[in-house]
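A short worksheet on the structure shown next.
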Amino acid sequence: MSYSVKVLDHYENPRNVGSFGKEEEGVATGMVGAPACGDVMKLQIKVGKDGIIEDAKFKTYGCGSAIASSSLVTEWVKGKTIEQALDIKNTQIAEELALPPVKIHCSILAEDAIKAAVADYKKQRGV
Amino acid sequence: MLRLPIYLDYSATTPVDPRVAEKMIPYLVEKFGNPASRSHAFGWETEAAVEEAREEVAKLVHADPKEIVWTSGATESNNLALKGAANFYSGKGKHIITLKTEHKAVLDTCRELERQGFEVTYLDVLENGLLDLEVFKAALRSDTILVSVMFVNNEIGVIQPIAEIGEICREKGIIFHVDAAQATGKVEIDLGALKVDLMSFSAHKTYGPKGIGALYIRRKPRVRLEAQMHGGGHERGFRSGTLATHQIVGMGEAFRLAREEMAVENKRIGALRDRLLKGLSDIDQVFINGDMTHRVPHNLNISFAYIEGESMLMAIKDLAVSSGSACTSASLEPSYVLRALGREDELAHSSIRFTLGRFNTEEEIDYAIKLLHKKIGSLRELSPLWEMVQDGVDLSTVQWAAH
């Protein structure tokens, strides 16, 4: 399988890899996928008091396209409000990375990871 | 000088040995006659070449040249053997036995036979990939007419107990087919001793050209087949079609070289494989797939836990290897062979197959070991599963959101 230049770039230089400390203020986590399916994404967002996502980090078990999709969304969510982050659609991710049809599920998983992280944030806030 | 990428996928295909290529070339331009042309020297010359090649193929497996029929490759041989025998002996019974870990060329042919009204039992294998003979015996029925078991597995390289299965089949009068595509030049094959009725061969897994193979059809006791390809009655009616002289000459030469060199070569390749294994053995959470004793010397199939196979392939693109990960196949399913061993899906997704061959060197293996060490660390840094395991989480207790 050949990869787009953007997938290769994110794969070789993944942005924002890592995890936030468990006690850090405003950190919410979304974990989606399953090892049996071959993809697990963990996306963490750090939301400031003003409701804006200040920082994001990820770790992904999966193929190159899954790693690139999650790397990309860490860049995209930064500076957005949590409601704006929810507007990120898998089709945008797939288009940006020029994912082939068999890899569309990677972009769906990345969108789900954002939703899961936001849901965790809202749960913590009791919203 | 090290040339990149390094080819470590010899079970997918092998390069044609230069000595083989050299022998083939005259049969394209100068010696182009149709081996079936009985009326002139052009035909006599190529017929002699075809028969010489047939002898070489027969010699490698201790068979009679008259028992060798040319085909386009092991897939066709498997189709001819299974459909041909099932159809010919269908009056005796409708039951066929094979393994879940067979090559698709056998499994898919069996599916087609099921559609034609045959019943097929797909046997489980043990955790090490080998067939349990007791399980096999228990599966036999009074209407079993055909058994098909591969000699050497293409993914994990394990060697099935062909001699023992053959004894059982012969005693019960059941036709026994063996797919030996991955076995030639790797293990001794003595059809004088083995009670095998049909055996499939391929040239391109043994340093011959692609597009040519053969089927061994036993004469004593005689095995009958219904032809699947009809036409000019070539190959004593078993397989019509003008013979591809240059390909056949190539297969003959490749099998001759295998016969002469396999003892020395397998020692050398086995030492390289063991060097690779030793070099990787200090990495945490590495699992070997398949039995290490009953295994061909050139195969190493390993799961690097918590690293998905395709991302591993991307990271080690200087190495040409293959993976059991779903992402490397069209089906989105991880390797059915590894799943049949009872491996968790996650380890199947994380598997890498290294298959070494004639042209690999120690320098290449050392490069591979170094590269793998370097990349495994960074990929595990990227893996949420690795992080959880380091934090003491038992992954089997996690409620995953499957998709």
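The values are calculated or read from the model by the stated rules, or taken from the named source; none is laboratory data. None of these values were measured; they are calculated from a predicted model. No Cβ is skipped: glycine too gets one built from the backbone with ideal geometry, and neighbour counts run over all protein chains shown.
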- Query: In the set A:LYS115, A:LYS59, which member is within 13 Å of chain B (Cβ to nearest Cβ), under 15 Å from B:ALA401 (Cα atoms), in contact with a strand residue (DSSP E or B) (Cβ under 9 Å, 6 or more places away or on another chain) and modelled with pLDDT of 95 or more?
  - Reply: A:LYS115
- Query: Out of segment B:205-230, which residues are out of contact with any His (no Cβ under 9 Å at 6 or more places or on another chain) and at positive phi?
  - Reply: B:TYR207
- Query: Scanning segment B:363-403 for residues that are among the charged types (D, E, K, R) and crowded, with 17+ Cβ neighbours inside 10 Å, which turns out farthest from the other protein chains (Cβ to nearest Cβ)?
  - Reply: B:GLU364
- Item | Answer from B:GLU310, B:GLU333 - the residue that is among the acidic types (Asp, Glu) and within 26 Å of B:VAL106 (Cβ to Cβ) | B:GLU333
- Item | Top-ranked residue in segment A:118-127 [being surrounded by 15 or more Cβ atoms within 10 Å (Cβ to Cβ) and either among the basic types (Lys, Arg) or away from chain B (no Cβ under 14 Å) (or both); ranked as farthest from A:LEU43 (Cα to Cα)] | A:TYR121
- Query: Any residue at all in segment A:28-38 that is within 11 Å of chain B (Cβ to nearest Cβ), outside any strand (DSSP E or B), at positive phi and in contact with a Pro (Cβ under 8 Å, 6 or more places away or on another chain)?
  - Reply: yes
- Message: Suppose we keep only residues that are assigned to a helix (DSSP H, G or I) and among the hydrophobic types (A, V, I, L, M, F, W, C) within segment B:4-23. Which one would you say is farthest from B:VAL152 (Cα to Cα)?
- Response: B:ALA21
- B:LEU126, sole failed condition from (1) touching a helix residue (DSSP H, G or I) at 6+ places or on another chain (Cβ under 8 Å); (2) over 21 Å from B:LYS195 (Cβ atoms): (1)
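Every residue, every condition in (1) within 11 Å of chain B (Cβ to nearest Cβ); (2) of a type outside the set (A, V, I, L, M, F, W, C); (3) closer than 22 Å to B:MET314 by Cα; (4) buried (at least 24 other Cβ atoms within 10 Å of the Cβ), yes or no:
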position	(1), (2), (3), (4)
A:LEU8	yes, no, yes, no
A:GLY26	no, yes, no, no
A:VAL40	yes, no, yes, yes
A:ALA66	yes, no, yes, yes
A:GLN92	no, yes, no, no
A:ILE104	no, no, yes, no
- In segment A:10-24, how many residues are more than 9 Å from every other protein chain (Cβ to nearest Cβ) and within 12 Å of the chain's Cα centre (by Cα)? 2
- Task: List the strands (runs of 3 or more DSSP E) that sit entirely inside segment B:36-153 and contain at least 3 residues that are β-branched (Val, Ile, Thr) and within 27 Å of B:TYR10 (Cα to Cα).
- Result: B:68-71
- In segment B:76-120, what count of residues is obtained for those that are of a type in the set (Gly, Ala, Ser), crowded, with 16+ Cβ neighbours inside 10 Å and more than 15 Å from the chain's Cα centre (by Cα)? 6
